[in-house]
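Everything below concerns the one structure shown next.
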Amino acid sequence: MPDASPQTIYLKDYKPFGWIIDDVHLTFRLHPTATRVISRIRFRPDHDVHDRPFFLHGEDLKTISIRVDGHEPTIYEQSGGITVDVPDAPFNWEAEVEINPSANTALEGLYMSNGMYCTQCEAEGFRKITWYPDRPDVMAKFTVRIESDAEHTPVMLSNGNGLYYEQDSTKTPAPNVTIYQDPWPKPAYLFALVAGDLVAHEDSFTTVSGKEVHLAIWVRPGDEHKCAFGMEALKKSMKWDEDVYGREYDLDEFNIVAVDDFNMGAMENKGLNIFNSSCVLASPETSTDANFERIEAIIAHEYFHNWTGNRITCRDWFQLCLKEGLTVFRDQQFTDDMRSAPVARISNVLALRARQFPEDQGPLSHPVRPESFQEINNFYTATVYEKGSEVIGMLKTLVGDEAYAKALNLYFDRHDGDAATIEDWLKVFEDATGRDLSQFKRWYSQSGTPRVTVREEYAQDTLTLHISQRTAPTPGQETKEPQIIPIAVGLLNPNGDEVQETTVLELRDSEQSFSFPGHASRPVPSILRGFSAPVLLDQEIDADRRAFLLAHDTDPFNRWESGRMLARESLLSSVKEGSAPNAAYLDGLKLVLRDDTLDPAYRALMLGQPSQSELAGLLHDAGHVPAPEAIHAASEALRQAKADHLSDILPGLYADHQVEEPFSAEAGPAGQRALANAALDLLTRLDGGATAAMQYTRADNMTQQLAALGALLDADQGQEALTAFYDQWRDDRLVIDKWFSLQVLHAKPGDAADVARRLTNHMDFDWKNPNRFRALLGALQMHHAGFHHESGAAYELLADWLIRLDPVNPQTTARMSTAFQTWKRYDTKRQALIGAQLDRISKQPELSRDTTEMITRIRG
Ligand code: 0A1
Ligand code: ZN
C-alpha cells in the first residue's frame, strides 16, 4: 500500500492508550430512530505511558452532553473522534449521545434487522454507539441497562449475566428494563446488545466443576424448530473445550441470537454470540448436509473464542490472526473429532486452495500478520483465518502434540486477561520447548505461497530427496527469506506396502537433501502427507506413479491428492493440447469407488475434480493465458468421460447409498448422501435426468432435493421443478437464497449474466440483505465460465451492483469486489473489460474507504 496515503495505519506505530478504565456503565434508551446512549466511565492515568492527549473514537454520534467530573470540558474534533482536555488524575466521564439504528444499513454498531435491535462491534463498530477508546487493548468491566417499550422488545440481552435472573422474574427493576453485568474485562469490540420479539430454545450445561450454565438460542417466532441442531453443537463444543484444552465456561448464561441481516458468519461477543441466521438455523427439510456441517463448525468457532479471543484478546488489529488463526485451528480439530478427520482435512485444503491461494498469489496478498491497513474490515481474510490456522498446524507438527499442549497451557496461564501479540504467542512455545522460533516467525511476516520442488535420486540402496523452496515476490515484498517448512514423508515399496512410516522433514534452507538408506528396491515416496504445509508442491512424477499412489498410499490425504493430481493433469493437457481424458485416472478412480471399505464421504470427494477457477490459476502459473470457455469445455468433457467410464458402477453406487433411516445430520448418513449425489451428478449425463426427477419427487430433505434440482437444471429439465421449489419455499428466506444461487450456478456460460440480471428484478431480490446479495451475485462470481464470458456482461452487472451497494453497505461491497482479484490472469480483452469496471467503480463520488482500498489494491 502506498506510504503516502494519510489513512494508512502501521503496526510499527502502535502506542498504548494512556488511560485505564475501571468500569463502564451504559444505559440504552432504545428507539428505532433516536436511541439514547448514556455512558459513565471511570478513567485513570496509566502512569507507564501517560504522555498523550485523551482521544476517544466516535462516528455518526449526535452528542447531547459530555461531562468530565460534572463539568463541560474543552473538546477538539478530530477525524474519527475527539480529543478532550481532562485532568492528569482519575476522573468520571459522562456522555449522552443519540444514534439512529434504523438508518444504519452498514450493519456496524447498533442497527435494526426485521424490527429487532442488534449490534456488531468488531472491529470498530462500538465507536458508532458512543464516545470510547474503541481499541482492543482497552479492556473494562461493563454494566448495561436497557430500557425499551415492552411490547416491541420483550426480550433484551447484553453480555455477561442478566441480573434479573438473580431475582424473582416478576420483580425486575421495571417491566421494560433489563440489566446485564459482565464480570470479565473486555474490549469494546466484544460488546453486544439485542432487543426484540424473540423466542428461545433453552437448555443447560453443567461444567466440569459442576457449575450449571443456562443456554439459549434466540430466534424470531416461527424459527424455533430450527434450533435443536445448533444447541447440540453448542453443548458438544463446551464439553470438547473442557476435554481437549481444559477450558471451562465462565458465566452463568450463554446466549446465541440469530439475525437475518449480518455481514459475516457470526460474532463471538462475550456470552452473547450473534449469528447470521444462515449459520445457526437448521432443519432437515431446509438445510443441506453441508449447511449442518458448517453450522456445527461455526457454533464451535464462536464458542471457542470465549478463551481464544475473549479471555485472551489481541493488543491491536494487526494481531487478528492471534485469535482467528488459533480459533479456526481449534474448530478444525473439533470437526476432526466429531466427523471423519481425513474427509475434514481434504475439505479444509480444498477451501484453502479455492480461497487463500488465489489471495496469496494475487494483488491482495498480505502476511498472516499484516503490517499496514486502511480499513481493518478488509483484513478478515482467508489468509488471516485459514492460513493463520495452517501456521498453527505446522507449529504443532514441528513441536509435537505434547509440547503443543504444554505451550497452550502456558499461554492460558500467562496471558489470561491480556491483550496479547504474536510475539507473546511464539514466546510461550519457545519457553515450553526451548526451541528458537525466529525463522518460524517468517510465516507471520512473509506473504505468498512457497513453492516446494522435490527431485528424487536413488543409488546404493538410498533414496535421496533434494528439496528446494522459493516464494515469488508479492506486493510490497520483493525478496523472500527461506521459511521452515515441515514436510511429512512416507515411503512405499513397489508392492504398495509402507516401508517408512510418516516422518517429518524440516526444510529450513533454500535447498536441502534428505536421505533414506537401507532400501534394496527403490521406494516410492509419498510427500507432504496430510498437506503438512500450505505450499505448492512441484514433483516430476508420471501418471503411472500417481496411479500407484492412488491405489496404495496409506495416507488418506495423499491418496486423494494423487487422484486429484491425475484429474488436474488430465484437464490441463486437455485444455492445452486437446487430449482425451487420462485413462490411468479413470481406471484408478473406478478401483477406489469400488472399494466398499472406504468411507462413502471420502469416495464422494474422490469423484470431485479441480474447479475451473483453479485450472485458470494453474494455467496462468505455467505461463499460459487461460481461456475460460476451453476450461469449461474440458471440465465438462472430463465429467462426461467419468460418467461413461463408470457407467457400470454408477447405478449401484447410487442405489447402495440411499439412506433408509430417518434423517440424521451425522457424518455417516451425510457421507452416504454425498456419494449418492455425486453419482447422481454423473448418472444424469447418462439418463438425461430420469433418476434426478425421481429423487426430486421423493426427497424429504434439502440435501436430496437440492442435488436433484441441480441435476435437473444441468439436464435442461429443471424449469418445472424450479417453480415448484419456489412455491414450496417462498416463505423460507434461507431456502430462497439457495433458489437464487442455484439458477445462476447451473446456467450455461453464455446465459449466466442474463439469468442473474433477470433475478435482480425478482420481487424477492432484497439486495440490502447481505445473504440475498451474496446468494445471487456471489453465485455469479463462482460460475467461472459465466463470470468470465467474453461479452463482459457479468463484469458489468457485478460492478453495477457493487456501485449500488457501496453507499449502503461498504463492508459487503468491498468483500464482494474480490471477484476481480484474479483479473491479470486473463487475456488483454478481458483485462480491458475488467479494468474498465474497476475504473468505473473507483470513480464513484464518495466511494467508501473499504471499497476504495480494495479496488486500489486489486488494480495494483
Ligand atoms: N470475529 C468473527 C468474525 C467477524 C468479524 C467481523 C465482523 O464484522 C465486521 C463480524 C464477524 C469470527 O471470527 O467469527
Ligand atoms: Zn473467529
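Return yes when Ile179 is more than 28 Å from the chain's Cα centre (by Cα) and under 30 Å from Arg135 (Cα atoms) and no when it is not.
Criteria met by Ile179.
Considering only the stretch 324-344, how many residues are within 12 Å of ligand 1 (Cβ to nearest atom) and either surrounded by fewer than 24 Cβ atoms within 10 Å (Cβ to Cβ) or among the acidic types (Asp, Glu) (or both)?
Matching residues across the stretch 324-344 total 3.
Of the conditions (1) crowded, with 20+ Cβ neighbours inside 10 Å; (2) touching a strand residue (DSSP E or B) at 6+ places or on another chain (Cβ under 7 Å), Gly362 satisfies every one except a single condition; which number is it?
Condition (2) is where Gly362 drops out.
Grab the helices (runs of 4 or more DSSP H) fully contained in the stretch 670-787, keeping just those with 2 or more residues being without any contact (Cβ under 8 Å) to a residue 12 or more places away in the chain and surrounded by fewer than 20 Cβ atoms within 10 Å (Cβ to Cβ).
690-698, 719-729
Per-residue answers, yes or no, for (1) at positive phi; (2) away from ligand 2 (no atom under 11 Å from the Cβ); (3) modelled with pLDDT under 95:
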residue	(1), (2), (3)
Met267	no, no, no
Gly271	yes, yes, no
Ala282	no, yes, no
Thr288	no, yes, no
Asn291	no, yes, no
Glu296	no, yes, no
Glu302	no, no, no
Asn310	no, no, no
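In this structure, is Phe55 in a strand (DSSP E or B), touching a residue at least 12 places away in the same chain (Cβ under 8 Å), within 30 Å of Asp806 (Cβ to Cβ) and more than 16 Å from ligand 1 (Cβ to nearest atom)?
So Phe55 fits the description; yes.
Pick from Ser521, Ser513: which is at pLDDT 95 or above, small (Gly, Ala, Ser) and under 30 Å from Gln446 (Cβ atoms)?
Ser513
(1) touching an Asp or Glu at 6+ places or on another chain (Cβ under 6 Å); (2) part of a loop (DSSP other than H, G, I, E, B); (3) crowded, with 16+ Cβ neighbours inside 10 Å: which one isn't true of Arg559, the others all being true?
All conditions pass for Arg559, except number (2).
Quick check on the stretch 278-295: of everything there that is within 14 Å of ligand 1 (Cβ to nearest atom) and in a helix (DSSP H, G or I), which residue is farthest from Thr335 (Cα to Cα)?
That would be Ser278.
So which residues in the stretch 759-793 are of a type in the set (Gly, Ala, Ser) and out of contact with any Lys or Arg (no Cβ under 9 Å at 6 or more places or on another chain), if there are any at all?
Matches in the stretch 759-793: Gly778, Ala779, Ser791.
Would the stretch 332-347 turn up any residue that is within 15 Å of ligand 2 (Cβ to nearest atom), within 19 Å of Asp401 (Cβ to Cβ) and of a type in the set (Asp, Glu)?
no
Could we say that Ser278 is away from ligand 2 (no atom under 13 Å from the Cβ) and free of Cβ contacts under 8 Å to residues at least 60 places away in the same chain here?
Judged against the criteria, Ser278 is not a match.
From the list Pro45, Pro32, Pro53, exactly one residue is of a type outside the set (Ser, Thr, Tyr), in contact with a helix residue (DSSP H, G or I) (Cβ under 7 Å, 6 or more places away or on another chain) and either crowded, with 17+ Cβ neighbours inside 10 Å or farther than 14 Å from Glu96 by Cα (or both). Which is it?
Pro32
Of everything in the stretch 56-78, what is surrounded by 13 or more Cβ atoms within 10 Å (Cβ to Cβ), closer than 30 Å to Thr153 by Cβ and among the aliphatic types (A, V, I, L, M)? Give them in sequence order.
Leu56, Leu61, Ile66
Kindly check whether there is at least one residue in the stretch 86-96 that is charged (D, E, K, R) and out of contact with any strand residue (DSSP E or B) (no Cβ under 7 Å at 6 or more places or on another chain).
Within the stretch 86-96, none of the residues are charged (D, E, K, R) and out of contact with any strand residue (DSSP E or B) (no Cβ under 7 Å at 6 or more places or on another chain).
Please pick out the residue among Ala403, Ala420 that is within 16 Å of ligand 2 (Cβ to nearest atom), over 30 Å from Met606 (Cβ atoms) and either among the small types (Gly, Ala, Ser) or at pLDDT below 95 (or both).
Ala420
Quick check on my filter: what residues within the stretch 311-321 are within 12 Å of ligand 1 (Cβ to nearest atom) and touching a helix residue (DSSP H, G or I) at 6+ places or on another chain (Cβ under 6 Å)?
Result: Cys314, Trp317, Leu320, Cys321.
What do you reckon, is Leu619 in contact with a Pro (Cβ under 8 Å, 6 or more places away or on another chain) and crowded, with 22+ Cβ neighbours inside 10 Å?
In short, no.
Would you point out the residue of the stretch 349-359, among those that are surrounded by fewer than 21 Cβ atoms within 10 Å (Cβ to Cβ) and within 16 Å of ligand 1 (Cβ to nearest atom), that is farthest from Gln446 (Cα to Cα)?
Ala351
What is the number of the single condition among (1) away from ligand 2 (no atom under 16 Å from the Cβ); (2) free of Cβ contacts under 8 Å to residues at least 60 places away in the same chain; (3) surrounded by fewer than 20 Cβ atoms within 10 Å (Cβ to Cβ) that Asn409 does not meet?
The failed condition is (2).
Can you find even one residue in the stretch 251-270 that is small (Gly, Ala, Ser), in a helix (DSSP H, G or I), within 14 Å of ligand 1 (Cβ to nearest atom) and under 29 Å from Gly778 (Cα atoms)?
So far as the stretch 251-270 goes, no, none of its residues is small (Gly, Ala, Ser), in a helix (DSSP H, G or I), within 14 Å of ligand 1 (Cβ to nearest atom) and under 29 Å from Gly778 (Cα atoms).
Pull up the stretch 474-508, narrow it to residues that are in contact (Cβ under 8 Å) with a residue 40 or more places away in the chain and hydroxyl-bearing (Ser, Thr, Tyr), then point me to the one that is surrounded by the most Cβ atoms within 10 Å (Cβ to Cβ).
Thr474
So which residues in the stretch 79-117 are polar (S, T, N, Q) and either surrounded by 15 or more Cβ atoms within 10 Å (Cβ to Cβ) or closer than 30 Å to Pro221 by Cα (or both)?
Thr83, Asn100, Ser102, Asn104, Thr105, Ser113, Asn114 - these are the residues of the stretch 79-117 that are polar (S, T, N, Q) and either surrounded by 15 or more Cβ atoms within 10 Å (Cβ to Cβ) or closer than 30 Å to Pro221 by Cα (or both).
For the stretch 366-384, does any single residue satisfy the condition of being among the acidic types (Asp, Glu), within 16 Å of ligand 1 (Cβ to nearest atom) and over 28 Å from Asp250 (Cβ atoms)?
The answer is yes; a qualifying residue exists.
Looking for something touching a Leu at 6+ places or on another chain (Cβ under 7 Å) and either within 24 Å of Phe17 (Cβ to Cβ) or among the β-branched types (Val, Ile, Thr) (or both) - is there at least one such residue anywhere in the stretch 396-408?
The answer is no; no qualifying residue exists.
The values are calculated or read from the model by the stated rules, or taken from the named source; none is laboratory data. If you're wondering where the values come from, they're calculated on a predicted model, not measured in any experiment. Here Cβ is always computed from backbone atoms with ideal geometry, including for glycine, and neighbour counts include all displayed protein chains.
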